[in-house]
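Worksheet for the structure shown next.
The values are calculated or read from the model by the stated rules, or taken from the named source; none is laboratory data. Please read all numbers here as calculations on a predicted model, not as lab measurements. A quick note on method: Cβ atoms are made from the backbone with ideal geometry, for glycine too, and the neighbour counts reach across all protein chains shown. SASA here: full protein model, heavy atoms, side chains in, ligands and nucleic acids out. Shrake-Rupley method; radii C 1.70, N 1.55, O 1.52, S 1.80 Å.
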Amino acid sequence: MGGLLLKVFLLGASLTGLFYSLLEFRFFGKTAFKRPNFVIILADDIGWGDLGANWAETKDTPQLDKMASEGMRDIGKDVEKKRKVFISFWFVDFHSPASTCSPSRASLLTGRLGVRNGVTHNFAVSSVGGLPLNETTLAQVLQEAGYITGMIGKWHLGHHGLYQPNFRGFSYYFGIPYSHDMGCSDTPGFNHPPCPACPPAPALLQSPEKNCYSAVGLPLYENLNIVEQPVNLLSLAEKFAEKAVQFIQQASDSGHPFFLYLALTHMHVPLTMTHQSADSSSQRLYQESLREMDNLVGRIKDKVDSTVKKNTFLWFTGDNGPWSQKCELAGNVGPFTGLWQTNRGGSSAKQTTWEGGHRVPAIAYWPNRVPANVTSTALLSMLDIFPTVASLAKVSLPHRRQFDGLDISEVLFGHSQTGHRVLFHPNSGAAGNFGTLETVRLGKYKAFYITGGAKACDGSLGPEQHHKLPLIFNLQEDPAECEPLNSSSAVYQDILPRVTKVLVDVLQDISGDNTSVADYSHDPSVIPCCNVLKVACRC
């Protein structure tokens, strides 16, 4: 206990510089193997169809498109045919492990689905807990191996006590503890720019157009210290970029390998930009924000290229699909429109298990290691990042627990097209219990034991429906999930027992696994300070 208190004191006293915990590192002696660096960039609420590399109608992501042409990307074949007909062609599958923020991020850092790691839905401003402490993060594994580890951006895995990034394996943390519509900013995020933080006039609290929190300002942390509250959202992206560039430079100068996890606030609402056109429409606002995100990613890539290009693996992806209820402020799902659901009401994107909710763009970039301008047809997941990075860094996975991700090094290096045979998509709010596995991907087929639509732009909600005989779609022929297979057909009768078996098998595996349970209790006392007498916490 005394050691823990000493550690807390040293962290809190600090040491706001990047490498205050270097003293704790246990570096290996000189070896012939030089561990690679890793940069993972995670966009928020981005649509598969937002990237120009995925043949978006507008080309607002030139930097990401360039990176896609220089690395491996998650797009499909036969450009012209795909433009005309969104069926009959196999698209490369890269999926988020859930279709909401906290579960997706927890799975990225643990390589385990929410039913194993305990994180099945989002944490709130007043949440007591976070990612369970008995779960080992990728950052902890790499830190033990001598990596300098940094987390910049949106955390959303617990901001109270030992749940903060500095106690979960990150040497350096600069960011916000949850989504930027969860403090004294817009909620639910329709209005932009954000309404005034902690509005001075009580009358504003009654305005439906200015629905603001009054008890807390969104804090910006550097390590364990709040350095700005309320945070200036209009300059947040620039601060993230500056800190990321600084981290890469200082880590490179140190001569030690590093791991940077950059979790952007783009494209989550409210959409905020450093520079915004005065006459921007809602649609144009999204495009401008997309361009700002793209420029930010380009800056990070340029910094990597100018310092540690030959030995750095950069991975870009998204945490889940677009938030459709935000209308013109939401992204583009591409051909993955979930027509069976939208024809019955509700959205088929974020919070759902339809393709638009969890199929996300992904680009892998590593010059001379990952082949340039290559598309992969393998079924892949963000769950694969943990075991793949661990393999490339030559570190062991944590013991006594099952992982849902795969080491996909051979796919990334162009030696294989074998990914997952089976992938499970957990319920994420639109229907069913959070985290429950009731949607199963098996090869080109996808089975729904439960369906439902999230809140759509028009305000509609798709009814929750349970299917004793699951709806099964052939995604190769029907990526829009428009028409399920006839349950009396020979194909359906062949697929059904196989789907049933893999679902029974995974549930049995989970029941015998070392699983965790997250603390989702709430307590106002854990809300970051909002004291007018303290400048850093000023509202």
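Name every residue in segment 408-428 that is open to solvent by 80 Å² or more (accessible area, probe 1.4 Å) and modelled with pLDDT of 95 or more, in order of residue number.
Selection gives Arg421 alone.
Would you kindly identify the helices (runs of 4 or more DSSP H) lying entirely within segment 311-405 that contain at least 1 residues that are within 19 Å of the chain's Cα centre (by Cα) and surrounded by 23 or more Cβ atoms within 10 Å (Cβ to Cβ)?
Numbers: elements: 339-342, 355-358, 385-392.
Because the criterion is at least 1 residues that are within 19 Å of the chain's Cα centre (by Cα) and surrounded by 23 or more Cβ atoms within 10 Å (Cβ to Cβ), the helices (runs of 4 or more DSSP H) in segment 311-405 that meet it are 355-358, 385-392.
Could you list, in sequence order, all residues of segment 474-501 that are surrounded by 14 or more Cβ atoms within 10 Å (Cβ to Cβ) and within 16 Å of Arg421 (Cα to Cα)?
Answer for segment 474-501, where residues must be surrounded by 14 or more Cβ atoms within 10 Å (Cβ to Cβ) and within 16 Å of Arg421 (Cα to Cα): Asn474, Leu475, Gln476, Ile495, Leu496, Arg498, Val499, Thr500.
For Ile450, work out the one condition from (1) part of a strand (DSSP E or B); (2) surrounded by 24 or more Cβ atoms within 10 Å (Cβ to Cβ) it doesn't fulfil.
Going through the list (1) part of a strand (DSSP E or B); (2) surrounded by 24 or more Cβ atoms within 10 Å (Cβ to Cβ), Ile450 breaks only (2).
Among (1) in contact with a Gly (Cβ under 9 Å, 6 or more places away or on another chain); (2) at pLDDT below 90; (3) not acidic (Asp, Glu), where does Trp155 come up short?
(2)
Return the residues of segment 116-148 that are under 23 Å from Ala430 (Cα atoms) and buried (at least 24 other Cβ atoms within 10 Å of the Cβ); say none if nothing qualifies.
Asn117, Val119, Thr120, Phe123, Ser127, Gly130, Leu131
Is there any pair linking a residue in segment 518-538 that is of a type in the set (S, T, N, Q) and assigned to a loop (DSSP other than H, G, I, E, B) to one that is open to solvent by less than 50 Å² (accessible area, probe 1.4 Å) and at pLDDT 90 or above, with Cβ under 8 Å and at least six apart or on different chains, and which?
Going by the 8 Å Cβ cut-off, the qualifying pairs are Ser521/Ser127; Ser521/Val128; Ser521/Gly129.
Any idea how many residues of segment 479-527 are farther than 30 Å from His399 by Cβ and in contact with a helix residue (DSSP H, G or I) (Cβ under 9 Å, 6 or more places away or on another chain)? Even if it seems obvious, please write down each step before you answer.
Our first condition is that a residue be farther than 30 Å from His399 by Cβ; within segment 479-527, this holds for 479-500, 522-527.
Still in the list and also in contact with a helix residue (DSSP H, G or I) (Cβ under 9 Å, 6 or more places away or on another chain): 479-487, 526.
Qualifying residue count for the region: 10.
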